[in-house]
Amino acid sequence: TRNARLGIIHYNNAFRHPALTAKMTATLDQISGGRYIHFVDYGNQPREFLAYGLHPDDAVEDRIAQMVEGLELTLALWTMREPVSFAGRFYSVAGAVCEPKPLQQPHPPIWIGEAHPSLLEAAARYADAWNSTPVGWHALQQRLADLCAACNRVGRSYDDIAKTYEVQILIAPDHDALRSKLGAMLALMSHHERPADLLAYVRGETGQPPDWIRESWLIGTPEEVQAQIRRFVALGITHFMLWFVDAPDESGMRLFAHTWGGHEA
């Protein structure tokens, strides 16, 4: 690729020593021509780290503190010209060198996500962008207010931080096509797992998908999805990471690209 930004969504800090992360991502930023995004997270799925001994337990505050310390070490290796010596609670290095530095200066953009108070404070201190998982318009409104409060506490301008939202999307030319896509998904589920209200929509018994799916997804025709996106833009969201739930079928992704970009991507 030449234009796509590169990175890992919610990269678990514990997967690699942050000094190694700094070296690997600096290389990725160099070979991609400066397109890397460092979206770091603390690891919120215990099965990802407990089974491999990456954390001794499931203490959230300790994992977040470790993530923040790891980010500080990564940033030091990216930005300091002299060898880095670092002695923290979780990590230490002595005379460590990261060369070449990332192409993006002073460093690749830092993204931090989610709404835990300690993560919001970390975002206020370090992040170029803050991200939310799919929580719906009303919950996202509260999360953004909490981020603003965290910025005020540390003396950071709320407007300096880009706001991003990752969300499921199902888009189709009309509601008949939408019902067809949802019906194919329901067919993959066991009978007792299929929500009754969603089945009613798929069968044509209701005019709209149920409220719970419209609150947490972007769903509908191009015009309906556009209206939903505008609501989030009005909240200050500037980036969307879209989970096309009809994948590997590309028709929804192509319809979205055609609707917004005037061409198929």
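The values are calculated or read from the model by the stated rules, or taken from the named source; none is laboratory data. Treat the numbers as computed from the prediction; the structure is a model and nothing was measured. Virtual Cβ from ideal backbone geometry, glycine too; neighbours counted across all protein chains shown. For the accessible areas, the whole protein counts, side chains as well, though only heavy atoms, and no ligand, DNA or RNA atoms are used. Shrake-Rupley method; radii C 1.70, N 1.55, O 1.52, S 1.80 Å.
For the reader, a short list of remarks on this structure follows.
- Count - residues of the stretch 3-34 that are touching a Cys at 6+ places or on another chain (Cβ under 8 Å) and open to solvent by 60 Å² or more (accessible area, probe 1.4 Å): 1
- Pair list, Cβ < 7 Å and 6+ apart or interchain, from the stretch 1-29 residues that are under 25 Å from S92 (Cβ atoms) and without any contact (Cβ under 8 Å) to a residue 60 or more places away in the chain to residues that are in a helix (DSSP H, G or I) and among the hydrophobic types (A, V, I, L, M, F, W, C): N12/F49; N13/M67; A14/F49
- Matching residues in the stretch 45-63 - criterion: being open to solvent by 70 Å² or more (accessible area, probe 1.4 Å) and of a type in the set (A, V, I, L, M): L50, A51
- Evaluation of L186 against (1) over 23 Å from R5 (Cα atoms); (2) surrounded by 13 or more Cβ atoms within 10 Å (Cβ to Cβ); (3) over 22 Å from the mean Cα position of the chain (by Cα); (4) at pLDDT 95 or above (one fails), failing number: (4)
- Hey, T206 assigned to a loop (DSSP other than H, G, I, E, B), more than 19 Å from the chain's Cα centre (by Cα) and of a type in the set (S, T, Y) or not: yes
- Filter result for W260 (touching a Pro at 6+ places or on another chain (Cβ under 9 Å), of a type in the set (F, W, Y), at pLDDT below 95 and open to solvent by 40 Å² or more (accessible area, probe 1.4 Å)): yes
Here is a yes/no grid of residues against (1) loosely packed, with under 13 Cβ neighbours inside 10 Å; (2) touching a helix residue (DSSP H, G or I) at 6+ places or on another chain (Cβ under 6 Å); (3) more than 30 Å from D160 (Cα to Cα):
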position	(1), (2), (3)
T221	no, no, yes
Q228	no, no, no
A234	yes, no, no
P248	yes, no, yes
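- Residue match in the stretch 70-92 (condition: among the acidic types (D, E), surrounded by 14 or more Cβ atoms within 10 Å (Cβ to Cβ), free of Cβ contacts under 8 Å to residues at least 12 places away in the same chain and closer than 19 Å to Y126 by Cα): no
- Hey, D62 in a loop (DSSP other than H, G, I, E, B), over 17 Å from Y126 (Cα atoms) and among the acidic types (D, E) or not: no
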